[in-house]
Amino acid sequence: MNILILGSGGREHTLTWKIAQSPQTEKLFVAPGNAGTHEIAVNVPIAADDFEAVKKLVIDEEIDLVVVGPEDPLVKGIHDFFLQDEALRAIPVIGPQKAGAILEGSKQFAKEFMLRHNIPTAAYECFTEKSLEAGYAFLEKLSPPYVLKADGLAAGKGVLILSDLNEAKNELKSMLVDAKFGNASTKVVIEEFLSGIELSVFVLTDGKNYVTLPTAKDYKRIGEGDTGLNTGGMGAISPVPFADEIFMQKVEERIIKPTIDGFSKDGIPYKGFVFIGLIKVGEEPYVIEYNVRMGDPETEVVIPRIKTDMVDLLKATATGTLDKVSLEIDDRTATTVMTVSGGYPEAYEKGKVISGIDAIADSIVFHAGTTFKDGQVVTSGGRVIAVTSYGEDFKEALQKSYESVSKMDFEGMYYRKDLGFDL
Ligand code: AMP
Ligand code: GLY
């Protein structure tokens with residue numbers, strides 16, 4: 001099969017790495033890809049949300065399957081675009097149609113979905129500019145900290161957690177009235193604060209059947225001890241040690257099954273990955289958010305633990321036969337350490353030459369923000385390279401990742417040295 005992967009980060013390099021291992025893969029394309037995908041596939045310099053350019057590529061290269069990495073093209077309707085086009089209709093797309101992608105595209109929609117299907121989540125209400133006063137009143141009823149969420153996509157920045165009531169009111173006004181997050185904050189979800197430890201569960205579904213992929217925990221803050229600004233993710237560990245069998249049974253019964261059944265009941269066509277952001281409060285799981293794609297850097301630890309042929313899984317997703325495949329998982333722990341550009345997640349420089357990658361032998365190097373310049377691999381983003389290792393437990397795996405990271409370098413390189421500190 002000829003397969004196209006859309007996206008350019010560590011998630012996409014990992015998916016490409018895994019799909020390249022399948023004997024069923026003939027030609028493999030990534031658009032736009034990075035310096036890592038260039039080594040194992042053909043990079044095509046088109047944006048993942050340039051639908052017309054994607055169409056031309058799919059037809060010219062006789063692509064048989066498209067895997068969508070990031071949420072943006074899904075929320076913008078790339079799957080629907082394929083279904084509406086005579087020439088593309090028969091080519092399967094992994095990733096939900098707009099009607100499913102809105103689970104990530106609108107926090108209000110996601111909350112209503114959970115309420116409708118009895119899926120445990122924080123209590124909430126939704127407000128607009130017109131109901132600002134009611135929003136203030138709702139905040140007064142809650143106790144701190146206050147959780148304010150822009151309804152729409154805000155590049156991971158749309159959630160504010162505030163300890164002071166007046167500050168919360170001011171931020172609510174700035175989101176609703178002054179468009180703090182642009183159109184994304186014309187509606188704001190205010191919700192009850194849940195106190196616990198977070199983890200993520202990943203599901204691959206054909207809309208009716210599903211397989212539960214390994215759990216993972218990511219480290220979102222830039223600073224050690226989970227301090228400082230939020231990032232896309234500074235590293236990840238899979239499996240999550242505290243997600244034991246009893247807890248995962250609760251997740252399956254109370255969250256995964258009702259979510260997939262909810263798609264059928266609501267008439268939401270969904271073929272693709274569901275990323276369920278969970279929080280464990282005491283011993284009970286609650287949903288923090290849905291994403292309609294794999295996580296990054298969680299993919300860099302989840303996918304390397306899957307032994308099953310990825311193309312079999314994706315084909316079964318496309319044809320609605322996921323009940324026929326058995327998922328085989330590597331028992332080992334996988335960890336990934338993300339190296340980032342100095343200054344990230346604020347302003348940072350690009351174009352720094354990356355050295356030492358070839359010296360890394362005991363880990364897998366997944367490129368995130370890299371490109372080529374004058375024949376050298378250079379940085380091109382905030383998150384640069386994720387270094388994944390296996391171990392008997394997360395400590396052993398992390399030790400390998402850190403040893404490997406010490407072999408590579410670029411000017412300003414930073415990474416967190418305390419991953420797993422909370423486990
Ligand atoms: P989200 O974009 O919805 O994942 O929110 C970003 C982060 O805010 C989450 O990863 C949590 O750490 C935190 N968060 C979101 N909602 C809540 C909540 N109801 N209670 C506590 N923390 C939350
Ligand atoms: N690592 C979090 C995300 O992919 O959204």
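The values are calculated or read from the model by the stated rules, or taken from the named source; none is laboratory data. All values reported here derive from a predicted model rather than from experimental measurement. Cβ atoms come from the backbone with ideal geometry, glycine included; neighbour counts cover every protein chain shown.
Brief remarks on what is shown
- Only one entry of Tyr290, Tyr286 meets the criterion of being within 16 Å of ligand 1 (Cβ to nearest atom), more than 22 Å from Thr14 (Cβ to Cβ) and touching a residue at least 12 places away in the same chain (Cβ under 8 Å), and that entry is Tyr286.
- Residues of the stretch 208-225 that are out of contact with any helix residue (DSSP H, G or I) (no Cβ under 8 Å at 6 or more places or on another chain) and within 14 Å of ligand 2 (Cβ to nearest atom): Lys217, Asp218, Tyr219, Lys220, Arg221, Ile222.
- Residue ID - nearest to Tyr290 (Cα to Cα), chosen from residues in the stretch 179-214 that are free of Cβ contacts under 8 Å to residues at least 40 places away in the same chain and touching a Ser or Thr at 6+ places or on another chain (Cβ under 9 Å): Ser185
- The residues listed here are Leu83, Leu15; of these, the one that is of a type outside the set (Val, Ile, Thr), closer than 21 Å to Phe263 by Cα and assigned to a helix (DSSP H, G or I) is Leu83.
- Qualifying residues in the stretch 182-199 (those that are surrounded by 15 or more Cβ atoms within 10 Å (Cβ to Cβ) and among the hydroxyl-bearing types (Ser, Thr, Tyr)) - the one nearest to ligand 2 (Cβ to nearest atom): Ser185
- Restricted to the stretch 374-404, and to residues there that are assigned to a strand (DSSP E or B) and more than 20 Å from the chain's Cα centre (by Cα), the residue that is nearest to Glu349 (Cα to Cα) is Thr379.
- Being touching a His at 6+ places or on another chain (Cβ under 9 Å), among the small types (Gly, Ala, Ser) and either at pLDDT 95 or above or away from ligand 2 (no atom under 16 Å from the Cβ) (or both) is not true of Gly69.
- The set of residues in the stretch 381-423 that are surrounded by fewer than 22 Cβ atoms within 10 Å (Cβ to Cβ) and of a type in the set (Gly, Ala, Ser) comprises Gly381, Gly382, Gly391, Ser406, Gly412, Gly420.
- Candidates are the residues of the stretch 282-326 that are part of a helix (DSSP H, G or I), of a type in the set (Asp, Glu) and away from ligand 2 (no atom under 16 Å from the Cβ); the one that is surrounded by the fewest Cβ atoms within 10 Å (Cβ to Cβ) is Asp323.
A quick yes/no check of all residues on (1) surrounded by 14 or more Cβ atoms within 10 Å (Cβ to Cβ); (2) in a strand (DSSP E or B); (3) over 20 Å from the mean Cα position of the chain (by Cα):
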position	(1), (2), (3)
Lys180	yes, no, yes
Leu204	yes, yes, no
Pro214	yes, no, no
Ala236	yes, yes, no
Val251	yes, no, no
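- Qualifying residue in the stretch 136-153 (condition: in a loop (DSSP other than H, G, I, E, B), within 16 Å of ligand 1 (Cβ to nearest atom) and polar (S, T, N, Q)): yes
- Residues in the stretch 18-45 that are in a loop (DSSP other than H, G, I, E, B) and farther than 16 Å from Thr370 by Cα: Gln21, Ser22, Pro23, Gln24, Thr25, Glu26, Lys27.
- Complete set of residues in the stretch 216-234 that are part of a strand (DSSP E or B) and hydrophobic (A, V, I, L, M, F, W, C): Ala216, Ile222, Leu229
- Apart from one condition, Asp178 fits all of (1) within 12 Å of ligand 1 (Cβ to nearest atom); (2) of a type in the set (Asp, Glu); (3) out of contact with any Cys (no Cβ under 8 Å at 6 or more places or on another chain); the exception is (1).
- If the condition is being closer than 21 Å to Gln249 by Cα and either of a type in the set (S, T, N, Q) or within 16 Å of ligand 1 (Cβ to nearest atom) (or both), then the stretch 299-325 contributes no residue at all.
- Here Pro92 does not fit the description of being farther than 28 Å from Ile5 by Cβ, more than 16 Å from ligand 2 (Cβ to nearest atom), in contact (Cβ under 8 Å) with a residue 60 or more places away in the chain and not aromatic (Phe, Trp, Tyr).
- Scope the stretch 58-78; condition surrounded by 18 or more Cβ atoms within 10 Å (Cβ to Cβ) and outside any strand (DSSP E or B); matching residues: Val58, Ile63, Asp64, Gly69, Pro70, Glu71, Asp72, Pro73, Leu74, Val75, Ile78
- Selected residue (criterion: nearest to Leu278 (Cα to Cα)) from residues of the stretch 226-238 that are among the hydrophobic types (A, V, I, L, M, F, W, C) and more than 10 Å from ligand 2 (Cβ to nearest atom): Ile237
- Conditions (1) within 15 Å of ligand 1 (Cβ to nearest atom); (2) part of a loop (DSSP other than H, G, I, E, B); (3) of a type outside the set (S, T, N, Q): number failed by Phe242: (1)
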